[in-house]
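Here's the structure we're looking at; comments come further down.
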Amino acid sequence: MSESVDISPETSNDDTDLDLRVDFTDVQTRPEPIPAGWYHARITQTELRRVANGDNKGKPYIWFEFTIQGGQYEGRHVWTNGMLFGNALFTVKGILEALGEDGSFSAAEIMDLVDQKELQIKVSVKPETPQYEASNDIRRYKSLQESSSTASQAESLLP
């Protein structure tokens, strides 16, 4: 996936960018979901938001962006929402546990704690429906150390 913008003196000037030439040849409009499995990822963005509709309208959640680190899907992004109310705290709790954190935190503290941290995420694929295209969903989280110790345990079981 190549994203290039040709900004040469002939195609741009100080007064206007109307002549800016952009090459869309290899740009995908919506990439296919990455395959299901465990991925090494970095939390690259968070944002405090509020639920827009439904029974939980107005309640807070943290939107998380994960960027895949290494392998065939390096640089791809997957997203999830972590609710900050009632019995819906499991996503944020899972992320914090994977990063070795526990306790009571404000939303701002959570976003600071997780910023640019790396962990393993288990990605699934939600199939296409009449309303939505196929997409990724994040189902579990674990530390990078847990992942390597699990791999070491599996290797020790080999003959």
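Conditions tested, residue by residue: (1) in a loop (DSSP other than H, G, I, E, B); (2) hydroxyl-bearing (Ser, Thr, Tyr); (3) at pLDDT 95 or above.
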| position | (1), (2), (3) |
| --- | --- |
| His40 | no, no, yes |
| Gln45 | no, no, yes |
| Leu48 | no, no, yes |
| Asn53 | yes, no, yes |
| Ile62 | no, no, yes |
| Glu65 | no, no, yes |
| Gly82 | no, no, yes |
| Asn87 | no, no, no |
| Val92 | no, no, yes |
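As for the stretch 122-144, it holds at least one residue that is aromatic (Phe, Trp, Tyr), loosely packed, with under 13 Cβ neighbours inside 10 Å and more than 18 Å from Thr46 (Cα to Cα).
Restricting attention to the stretch 1-23, the residues that are modelled with pLDDT of 80 or more and not in a loop (DSSP other than H, G, I, E, B) total 3. Is it the case, given these coordinates, that Asp26 is touching a helix residue (DSSP H, G or I) at 6+ places or on another chain (Cβ under 7 Å), part of a loop (DSSP other than H, G, I, E, B) and farther than 22 Å from Lys126 by Cβ? Criteria not met by Asp26.
Cβ-Cβ distances below 8 Å connect the following pairs, each with a first residue in the stretch 70-84 that is over 17 Å from Tyr141 (Cβ atoms), a second residue that is outside any strand (DSSP E or B), and a separation of six or more residues or different chains: Tyr73/Ile34; Arg76/Pro31; Arg76/Ile34.
The values are calculated or read from the model by the stated rules, or taken from the named source; none is laboratory data. Owing to the predicted nature of the structure, the values given are computational and were not obtained by experimental measurement. With ideal geometry, Cβ positions are generated from the backbone for all residues, glycine too; neighbour counts draw on all protein chains shown.
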